[in-house]
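Step one of this worksheet: look at the structure below.
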Amino acid sequence: MSKRLLLPFCALLSAPVMAAEVKLDVEIPRLQVAEYHRPYVAIWLEQPNQKHVANLAVWYDQKLKDKEGEKWLKDLRQWWRRSGRSLEMPIDGVSGATRAVGKQSLTFNSADAPFNNLPAGEYRVVVEAAREVGGRELLRLPFTWPPQERAESNSKGKTELGQINLTLTP
């Protein structure tokens, strides 16, 4: 192969591969209550018919002895019915500790599971929160995969969740 033909071919190999990005901001609101406990939160993908697709995050109290924190995961009722009861916790890359009051951000790209194998179509990100001596709340944010242009979906909770923002960038 001549050097003239090789050079353009090598340039193609070194070109950056563009990946779609998914950014999810979840606000844990400050509540004025006598006994405050950080909420357990489950975040997952579902189809419009509510069929579970994949778990993105599960935040719970992992430091309680004898895995006592896992006992309360069933309070995340929708997540528990769709996925949670069949899982062995903790899940590497998905489960983590409860989060403090404020904005929490998750970022995924199209090379990350589960987006790297997600068929094109309509989906929803579901965020469910439940708190000891508190309430339970669930929000759904629709989106289309893969994104063809920048897209946003927002929702605001009333009690256990604050502002939820989903941003997709091609």
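The numbers here are math on the coordinates, done by the rules we state, and not lab data. Computed from a predicted model, the values in this text were never measured in an experiment. Here the Cβ positions follow ideal geometry from the backbone for every residue, glycine too, while neighbour counts run over all protein chains shown.
Considering only S86, S110, S155, the Gaussian network model of the chain with Cα springs below 10 Å gives its largest mean-square fluctuation to S86.
Suppose every K and R has +1 on its Cβ and every D and E has -1 on its Cβ; what is the size of the dipole of the chain about the Cα centre, in Debye to the nearest 20?
Numbers: 24 positive and 20 negative charges, 23 e Å.
Its charge dipole is roughly 100 debye.
Find how much the distance from Y36 to D112 grows on full extension, using 0.36 nm per residue of separation minus their present alpha carbon separation; answer in nm with one decimal. Write out the running numbers ahead of the final one.
Numbers: separation 76, 0.36 × 76 = 27.36 nm, distance 3.45 nm.
In short, 23.9 nm is gained.
Taking the number of other C-beta atoms within 10 Å as the exposure measure, put L166, L138, L31 in order starting with the fewest.
On the way: L166 21, L138 17, L31 14.
With the sparsest Cβ surroundings first, the list reads L31, L138, L166.
Karplus-derived 3J(HN,Hα) values for segment 42-51, using 6.51 cos²θ - 1.76 cosθ + 1.60 with θ = phi - 60°, are 10, 10, 8, 9, 9, 7, x, 7, 6, 6 Hz; glycine and proline are entered as x. Loop-located trypsin sites (Lys or Arg not before Pro) in segment 134-170 (DSSP state other than H, G, I, E, B) with a sparse environment of at most 16 neighbouring Cβ atoms within 10 Å: R150, K158. Each 10 Å bin, from zero up to the one with the longest distance, holds this percent of the alpha carbon pairs of the chain: 9, 35, 30, 13, 6, 4, 2, 0. Normalised by the number of residues in segment 24-170, the mean separation of alpha-carbon contacts (under 8 Å, six or more apart) gives a relative contact order of 31 percent.
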